[in-house]
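The values are calculated or read from the model by the stated rules, or taken from the named source; none is laboratory data. Treat the numbers as computed from the prediction; the structure is a model and nothing was measured. Here the Cβ positions follow ideal geometry from the backbone for every residue, glycine too, while neighbour counts run over all protein chains shown.
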Ligand SMILES: Cc1ncc(COP(=O)(O)O)c(C=O)c1O
């Protein structure tokens with residue numbers, strides 16, 4: 001029988017309180033140098049803070065205990081998208097991909113993390129001035145990193161809902177880039193879902209097709225075929241999405257079909273998944289109180305999760321080029337740039 005478990009306000013606030021326990025970084029890369037985190041401050045008039053005029057990236061580092069090494073997953077691809085996102089809003093960054101990667105490496109070595117962590121890079125217009133625009137402004141870059149675990153508690157079986165909010169349209173704010181201001185759209189969807197007792201939102205685009213989660217790309221398995229929305233359906237061009245497409249092809253012989261997905265296809269799917277740097281690989285086992293497939297994690301999600309965590313921790317030599325070591329004596333935190341789709 002389907003259970004209708006609507007969360008109370010109390011559940012919702014206690015979940016938020018858990019997020020408040022996040023450990024703050026010790027250092028920040030800010031204005032071209034590494035300084036104590038507490039000294040990396042901006043004024044309240046900062047343009048990026050007032051108008052969301054910035055771009056960002058989220059990169060995970062995975063600790064490999066056997067090798068006593070921290071592996072950063074696909075930093076070059078993340079910084080390539082970071083630079084592309086900046087170009088979409090006409091922002092010229094003072095650092096290139098190699099310099100950003102080097103700054104991240106320096107910061108991580110300074111922090112000295114020996115556990116899984118998450119690095120947040122941000123480029124924002126730093127001028128303390130009033131006036132909505134994207135020209136005649138000065139960009140600033142910050143990078144911070146902190147220990148980080150799960151983004152969604154129930155990675156093995158999340159309950160999602162179709163959001164009443166539509167995904168930001170590429171003609172409104174470029175959807176394929178990580179533009180700061182656009183994340184109000186994601187936040188509206190996420191909070192609506194959590195307040196209603198769900199773990200995550202599935203957001204439709206303006207055509208009514210599935211776009212993605214609030215901060216994750218979406219995959220569906222129907223009649224044995226793995227589907228994901230195409231990059232022209234207002235999705236973020238996700239790096240985990242590309243990783244998953246490649247892993248499914250190479251390791252499982254499954255070709256992912258990129259096509260628009262209707263809402264009702266979810267309800268009759270065998271499996272559904274969220275994938276992203278933050279969420280990692282999440283099995284969606286219920287949507288709007290309906291079980292997906294058996295209502296438990298399915299074989300593709302299970303296989304993919306095991307594979308993914310081996311790959312990101314540097315345990316699969318074939319994919320080692322995606323993992324950039326931080327502490328190896330000769331490490332320059334570089335991965336072999338992978339081919340783009
Ligand atoms: C809106 C949105 N979609 C998808 C993703 C997944 O992208 P990636 O796999 O590059 O982290 C993210 C970021 O985590 C996101 O913020």
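For segment 212-228, name all the residues that are within 11 Å of the ligand (Cβ to nearest atom) and farther than 11 Å from residue 163 by Cα.
Listed by number, the residues that qualify are 215, 216, 217, 218.
Just one of 296, 286 is more than 20 Å from the chain's Cα centre (by Cα) and part of a strand (DSSP E or B); which is it?
Answer to the check: 286.
Restricting the search to segment 126-142, which residues are assigned to a loop (DSSP other than H, G, I, E, B) and buried (at least 16 other Cβ atoms within 10 Å of the Cβ)?
126, 127, 137, listed by residue number.
Go through segment 261-282 and count every residue that is part of a loop (DSSP other than H, G, I, E, B) and more than 12 Å from the chain's Cα centre (by Cα).
4
With the structure loaded, tell me whether residue 263 is surrounded by fewer than 23 Cβ atoms within 10 Å (Cβ to Cβ) and under 27 Å from residue 183 (Cβ atoms) or whether it fails that test.
Taking the combined requirement at face value, the residue satisfies it.
Across segment 279-292, what is the total count of residues that are more than 13 Å from residue 154 (Cα to Cα) and either within 16 Å of the ligand (Cβ to nearest atom) or touching a residue at least 40 places away in the same chain (Cβ under 8 Å) (or both)?
Step one: list which residues in segment 279-292 are more than 13 Å from residue 154 (Cα to Cα), which gives 287-292.
Subsequent filtering for residues that are either within 16 Å of the ligand (Cβ to nearest atom) or touching a residue at least 40 places away in the same chain (Cβ under 8 Å) (or both) retains 287-291.
Matching residues across segment 279-292 total 5.
Counting just the residues of segment 231-253 that are within 14 Å of the ligand (Cβ to nearest atom) and either outside the structural domain of residue 314 (by TED's automatic domain parsing) or assigned to a loop (DSSP other than H, G, I, E, B) (or both), which one comes out nearest to residue 75 (Cα to Cα)?
Applying the filter and picking the extreme gives 238.
Spot the failing condition for residue 145; the list is (1) away from the ligand (no atom under 16 Å from the Cβ); (2) over 27 Å from residue 230 (Cα atoms); (3) surrounded by 18 or more Cβ atoms within 10 Å (Cβ to Cβ), and only one is missed.
All conditions pass for residue 145, except number (1).
Can you work out which of the residues in segment 171-209 that are crowded, with 18+ Cβ neighbours inside 10 Å and in a loop (DSSP other than H, G, I, E, B) is nearest to the ligand (Cβ to nearest atom)?
Among them, the one singled out is 178.
Return the pairs, sorted by first residue and then second, in which the second residue is more than 10 Å from the ligand (Cβ to nearest atom) and in a loop (DSSP other than H, G, I, E, B), the first residue lies in segment 223-246 and is over 16 Å from residue 205 (Cβ atoms), the beta carbons are less than 7 Å apart, and the residues are 6+ apart or on different chains.
226/254; 226/256; 242/341; 245/256
Among 225, 256, which is surrounded by fewer than 22 Cβ atoms within 10 Å (Cβ to Cβ) and either assigned by TED's automatic domain parsing to the domain that holds residue 117 or within 30 Å of residue 173 (Cα to Cα) (or both)?
Testing whether each residue is surrounded by fewer than 22 Cβ atoms within 10 Å (Cβ to Cβ) and either assigned by TED's automatic domain parsing to the domain that holds residue 117 or within 30 Å of residue 173 (Cα to Cα) (or both) leaves just 256.
Restricting attention to segment 149-162, does a residue exist that is within 24 Å of residue 301 (Cα to Cα), under 15 Å from the mean Cα position of the chain (by Cα) and within 12 Å of the ligand (Cβ to nearest atom)?
yes
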